[in-house]
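*Asks:* I'd like to ask some things about the structure below.
Computed from the coordinates by the stated procedures, all read-outs in this text should not be read as laboratory data. Predicted model only: the values in this text are computed from it and were never measured. Glycine gets a Cβ as well: all are built from the backbone with ideal geometry, and neighbour counts include every protein chain shown.
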Amino acid sequence: MIKRSLLLFFLFIFSNAAYAQDSVTPEQKKAASEVLETVAKWADAVRDRDMKALDTLFAEELFITTFDGKTRGKKEELEVLKPNPNVRTVSVENEDVRVKLYGDTAVVTALTKMQFIINEKETPVAMRYTAIFVKRDGRWQMVALQTARAAN
């Protein structure tokens with residue numbers, strides 16, 4: 001009987017400790033909101049091919065693993081995203097966005113659906129991604145990104 005009571009007591013204590021860790025502080029809410037704003041700015045900058053905004057959003061050490069297993073850095077990503085007369089980005093929409101905070105680091109997962117017009121042909125693309133952002137000098141910057149193709 002005593003062992004059972006002790007077991008129930010420890011289960012109660014540990015379950016409350018785990019629950020307390022899941023509570024969100026006002027600072028965490030603010031940080032999550034800032035990260036979501038950064039993700040929205042990123043989507044807008046990709047859609048608009050805003051190189052200045054993308055340069056600011058991407059950390060110098062940005063490391064990207066693409067859906068086909070290739071890798072590239074900031075310079076190469078900016079090259080891919082620069083304005084191109086044969087490619088027009090119509091829309092970039094993020095769905096199922098989730099943010100996990102670890103101090104000044106945020107892990108973001110989402111489904112992004114994009115519409116392009118490539119050589120006058122409408123082309124939808126859907127990707128799942130995991131992006132890592134770090135807060136530096138009061139702003140969030142992407143340091144890593146991995147993408148995977150998803151159904152449209």
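*Asks:* Along the range 70-82, what does the Karplus equation 6.51 cos²θ - 1.76 cosθ + 1.60 (θ = phi - 60°) give for ³J(HN,Hα), rounded to whole Hz, x for Gly and Pro?
*Replies:* Along the range 70-82, the couplings run 7, 10, 7, x, 4, 4, 5, 5, 4, 5, 4, 8, 5 Hz.
*Asks:* Given a Förster distance of 35 Å, report the FRET efficiency between Lys70 and Lys41 from their Cβ-Cβ distance, rounded to the nearest 0.05.
*Replies:* Values: r = 25 Å, r/R0 = 0.72.
The computed FRET efficiency comes out at 0.85.
*Asks:* Using amide H atoms built in the peptide plane, which far-off residues or other-chain residues are under 5 Å from Thr123 H to H?
*Replies:* HN-HN under 5 Å from Thr123: Phe116, Ile117, Ile118.
*Asks:* Kindly express, to the nearest 10 degrees and within the range 0 to 90, the angle between helix 26-48's C-alpha long axis and the longest C-alpha principal axis of the chain.
*Replies:* 20
*Asks:* Also, quick follow-up: Would you pull out the residues with amide H under 5 Å of Leu62's amide H, same chain only if 5 or more places away, H placed 1.01 Å from N?
*Replies:* Placed amide hydrogens put Lys74 under 5 Å from Leu62.
*Asks:* Right, another one. Pairs of lysines 8 or more apart, or on different chains, with alpha carbons under 17 Å: count those in the chain, would you?
*Replies:* Lysine pairs, 8 or more places apart or on different chains, close enough: 16.
*Asks:* Relative contact order for the chain using alpha-carbon pairs under 8 Å, separation at least 6, rounded to a whole percent?
*Replies:* Taking the mean separation of contacting Cα pairs over the length of the chain, I get 21 percent.
*Asks:* Now for a different question. As a test, work out the antiparallel percent of DSSP beta bridges whose residues both lie in the chain, rounded to the nearest 5.
*Replies:* On the way: 41 of 45 bridges.
Counting only bridges with both partners in the chain, antiparallel ones make up about 90 percent.
*Asks:* Compute the helix-to-body angle for 2-22: its Cα long axis versus the longest principal axis of the chain, expressed 0 to 90° and rounded to tens.
*Replies:* In the chain, helix 2-22 runs at an angle near 30 degrees to the longest axis.
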